[in-house]
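> Quick one: the structure is below, and I'll ask about it shortly.
The values are calculated or read from the model by the stated rules, or taken from the named source; none is laboratory data. Because the structure is predicted, anything quoted here is derived from the model rather than measured. Heads up, the Cβs are rebuilt from the backbone with ideal geometry, glycines too, and the neighbour counts pull from every protein chain shown. Areas reflect the complete protein model, heavy atoms only, side chains present, ligands, DNA and RNA absent. Shrake-Rupley method; radii C 1.70, N 1.55, O 1.52, S 1.80 Å.
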Amino acid sequence: RNYYGGNWASFSFSGLLSWIKENQQKTDTGDDCEEWRKLILDNEEVISLSKKDKTIQNVEDFCFGDQDSAKDVEEAGALSKLPVFGASGVEGTAEQSEKECPLTESADAENQEPEKAADTEPASAAEGKDMETTSENEGSQSTALGGSTLESGKAETAPSESSAQEPKKITYSQIVREGRRFNIDLVSKLLYSRGLLIDLLIKSNVSRYAEFKNVTRILAFRDGKVEQVPCSRADVFNSRQLTMVEKRMLMKFLTFCLDYEQHPDEYQDYENSTFAQFLRTRKLTPSLQHFILHSIAMVSETDCSTLEGLQATKKFLQCLGRYGNTPFLFPLYGQGEIPQCFCRLCAVFGGIYCLRHPVRCLVVDKGSGRCKAIVDHFGQRISAKYFIVEDSYLSDSVCTNVCYRQISRAVLITDRSVLNTDSEQQVSVLTVPPVELGKPAVCVIELCSSTMTCMKDTYLVHLTCPSTNTAREDLEPAVQKLFNLSTEKEAENEELEKPKVLWAVYFNMRDSSGLDRNSYNGLPSNVYVCSGPDSALGNDCAVKQAETVFREMFPTEEFCPPSPNPEDIIYDEDGIASEEAGLGNSPETKPETSVEESSSEGSAAPKKEDNEE
């Protein structure tokens, strides 16, 4: 690929269009040249790797907005063809590639993406400041906390009544022209504030490269309406949609869930029942059962056991209040920033990332059965002790016993929020219950422009669920419940109560998580397989998998040890950080900020708490 991150990547709008085109017109990337076979010795054999990516299927995109004239779109497209992160269709030199994704050691500070570079200031200027403001054009405030820049979850100025009722008309050419304002994730996830990924970011000090924003609302879809779910104690007692009796019921049940292990007599009779059945025995009203099942525990109505539901509810409650009123954080510029954070750390210590560098095969020693080297597309043989390969690179001959799951994904650009309030800058998570029993619920994440993932006056909406059919068949019913899909001409005489979809894409993504190593046929012992993204809302699966692979290779080493502070870095003559050093002021990194605690309500940041070691 000529972009970083695989299926964890984020794209600008033009980059996503190129990615869509690639996956709608898949071609074999291999050639018939056999010269490379001269590199294979008599006592060696090869395991060929897949020549094309089969992890993305059923890609369909639609434009519902005003498409303007063809000339306008063409002009807008010409303006948008600048080097951007993840723009898989942009052909250029290696220098241009480094501008697109400034992660490698050789990247130059002047090559940083203009919009991101404009949002930051030199580290020397940041020293001694309690707060720094970024993204001034969005009116959002970020706070330096725990060594990372953190976005305040508080809302900005309230829109006027007229603007709230009449959203600005956004045309397709505007979206193309402002394409660099979009950072669109292939996989939609959130970070639990007490999840494994946040703990790892804090422990390793990688959090200094990350910027976060609170998820400000948990929503529910019930009886055809979108409602806000009270989560914290304050939310419950301030809620106008619950009666006093319901408030007491809800607080009593949530208190029980926090230490349910201490009261086994209350649930052990229902261990073989579903969580939904258990809730019916707790004297909760139907609305409370709905809130708990779909918006707090976020579990299936038919497949989730009582214990799994209690565990999920407890995890949700334990994450409340650490960085805001909800359990979740979202990384500014998209989920694709998280892999980049770890890539920057690796690059400082000499890790090399090669784009547009296909690998033909693994070279295996017939005697020991271990992998000795790989042969790349350029006929170069590269030796190593260990090889880590993502599942998608393995050919059908290796994956004979593998049965994959699929994830249904949709990404929408809309003109307003699913639940309008006084503030336009809301980050919301919503679960849409299945239309019929046995079907999966749909997780919806709605992002505003202050998350740096979409242009002003638009929202970016991600929908995800485990696949039962094509992505469009799985997700379009939920889209139709929440949004207006009519085109401009059809909508002229309609009163639009729902947000209007301006553009949409549907696709199925392979879920290879949870596969056992024994599923792969004839894999050498020193070749380790990692999966692509899973369908869960959090990132625990990826963190556990990374640590497991690391410990198998290096059982006596610490996994992601803390990196030193920037001022402690020592460089050798070649400019590479020494082993005693850590993250440096390398050009691909974001400027360091002062370590200050934020007192603003709703601010979000991974930082060590007083009682944490």
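> Just to verify a result, which residue in the range 523-557, among those that are over 26 Å from the mean Cα position of the chain (by Cα) and open to solvent by 10 Å² or more (accessible area, probe 1.4 Å), is farthest from ILE202 (Cα to Cα)?
Per the criteria, the residue is LEU523.
> Could you tell me whether the range 404-415 includes any residue that is out of contact with any Asp or Glu (no Cβ under 9 Å at 6 or more places or on another chain), outside any helix (DSSP H, G or I) and open to solvent by 30 Å² or more (accessible area, probe 1.4 Å)?
Checked the range 404-415: no residue is out of contact with any Asp or Glu (no Cβ under 9 Å at 6 or more places or on another chain), outside any helix (DSSP H, G or I) and open to solvent by 30 Å² or more (accessible area, probe 1.4 Å).
> Mind listing whichever residues of the range 341-356 are open to solvent by less than 40 Å² (accessible area, probe 1.4 Å), farther than 26 Å from PHE378 by Cβ and in contact with a helix residue (DSSP H, G or I) (Cβ under 9 Å, 6 or more places away or on another chain)?
Selection gives CYS341, ARG344, LEU345.
> Tell me, yes or no, whether the range 387-394 has at least one residue that is among the small types (Gly, Ala, Ser), open to solvent by 20 Å² or more (accessible area, probe 1.4 Å) and in contact (Cβ under 8 Å) with a residue 24 or more places away in the chain.
Within the range 387-394 (the criterion being among the small types (Gly, Ala, Ser), open to solvent by 20 Å² or more (accessible area, probe 1.4 Å) and in contact (Cβ under 8 Å) with a residue 24 or more places away in the chain), the answer is no, since none of the residues qualifies.
> Among the residues of the range 290-300, are any free of Cβ contacts under 8 Å to residues at least 40 places away in the same chain, in a loop (DSSP other than H, G, I, E, B), open to solvent by 20 Å² or more (accessible area, probe 1.4 Å) and more than 26 Å from SER417 (Cα to Cα)?
No: zero hits.
> Going through the range 347-356 one residue at a time, which ones are free of Cβ contacts under 8 Å to residues at least 40 places away in the same chain and touching a strand residue (DSSP E or B) at 6+ places or on another chain (Cβ under 6 Å)?
Scanning the range 347-356 gives no hits.
> Filter the range 301-315 down to residues that are in contact (Cβ under 8 Å) with a residue 12 or more places away in the chain and open to solvent by 30 Å² or more (accessible area, probe 1.4 Å) and give me whichever is nearest to the chain's Cα centre (by Cα).
Per the stated criteria, the residue is LYS315.
> Is at least one residue of the range 166-183 out of contact with any helix residue (DSSP H, G or I) (no Cβ under 7 Å at 6 or more places or on another chain) and without any contact (Cβ under 8 Å) to a residue 12 or more places away in the chain?
Yes.
> Okay, next question. Is it the case that some residue within the range 485-494 is within 13 Å of ARG409 (Cβ to Cβ) and among the charged types (D, E, K, R)?
No.
> Please specify each residue of the range 358-377 satisfying the condition of being in contact with a Phe, Trp or Tyr (Cβ under 8 Å, 6 or more places away or on another chain) and open to solvent by 30 Å² or more (accessible area, probe 1.4 Å).
Once the filter is applied, which keeps residues that are in contact with a Phe, Trp or Tyr (Cβ under 8 Å, 6 or more places away or on another chain) and open to solvent by 30 Å² or more (accessible area, probe 1.4 Å), the range 358-377 yields VAL359, ARG360.
> Mind listing whichever residues of the range 266-288 are outside any helix (DSSP H, G or I) and not charged (D, E, K, R)?
TYR267, ASN272, SER273, THR274, THR281, LEU284, THR285
> Let me ask something else. Give me the pairs: first residue in the range 424-447 and more than 22 Å from LEU460 (Cβ to Cβ), second residue open to solvent by 20 Å² or more (accessible area, probe 1.4 Å) and polar (S, T, N, Q), beta-carbon distance under 6 Å, and six or more apart or on different chains, which are they?
Partner pairs satisfying both residue conditions: LEU437/THR302.
> For the range 190-258, list the helices (runs of 4 or more DSSP H) that sit wholly inside it and hold at least 1 residues that are modelled with pLDDT of 90 or more and either surrounded by fewer than 22 Cβ atoms within 10 Å (Cβ to Cβ) or not β-branched (Val, Ile, Thr) (or both); which are they?
196-204, 244-258
The rows are residues; the columns are (1) touching a Cys at 6+ places or on another chain (Cβ under 7 Å); (2) of a type in the set (A, V, I, L, M); (3) open to solvent by 20 Å² or more (accessible area, probe 1.4 Å); (4) part of a helix (DSSP H, G or I).
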| site | (1), (2), (3), (4) |
| --- | --- |
| LEU437 | no, yes, yes, no |
| CYS443 | yes, no, yes, no |
| SER450 | no, no, no, yes |
| HIS462 | no, no, no, no |
| CYS465 | yes, no, no, no |
| ASN469 | no, no, yes, no |
| SER486 | no, no, no, no |
| ASN521 | no, no, yes, no |
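> Continuing with this model, one more query. May I ask you to verify whether ALA384 is open to solvent by 30 Å² or more (accessible area, probe 1.4 Å), touching a strand residue (DSSP E or B) at 6+ places or on another chain (Cβ under 8 Å) and either closer than 29 Å to THR274 by Cβ or modelled with pLDDT of 90 or more (or both)?
So ALA384 fits the description; yes.
> Looking at (1) part of a helix (DSSP H, G or I); (2) over 30 Å from ASP365 (Cα atoms); (3) in contact with a Ser or Thr (Cβ under 6 Å, 6 or more places away or on another chain), find the lone condition where LYS481 falls short.
Among (1) part of a helix (DSSP H, G or I); (2) over 30 Å from ASP365 (Cα atoms); (3) in contact with a Ser or Thr (Cβ under 6 Å, 6 or more places away or on another chain), the lone unmet condition for LYS481 is (3).
Matching residues to (1) in contact with a Ser or Thr (Cβ under 7 Å, 6 or more places away or on another chain); (2) over 25 Å from PHE13 (Cα atoms); (3) in a loop (DSSP other than H, G, I, E, B); (4) of a type in the set (Ser, Thr, Tyr):
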{"residue": "GLY334", "(1), (2), (3), (4)": "yes, no, yes, no"}
{"residue": "PRO339", "(1), (2), (3), (4)": "no, no, no, no"}
{"residue": "CYS343", "(1), (2), (3), (4)": "no, no, no, no"}
{"residue": "CYS346", "(1), (2), (3), (4)": "no, yes, no, no"}
{"residue": "LYS372", "(1), (2), (3), (4)": "yes, yes, no, no"}
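> A follow-up question, please. If ILE175 satisfies all but one of (1) at pLDDT 90 or above; (2) over 24 Å from the mean Cα position of the chain (by Cα); (3) under 25 Å from LEU482 (Cα atoms), what's the number of the condition it fails?
Answer for ILE175: the failing condition is (2).
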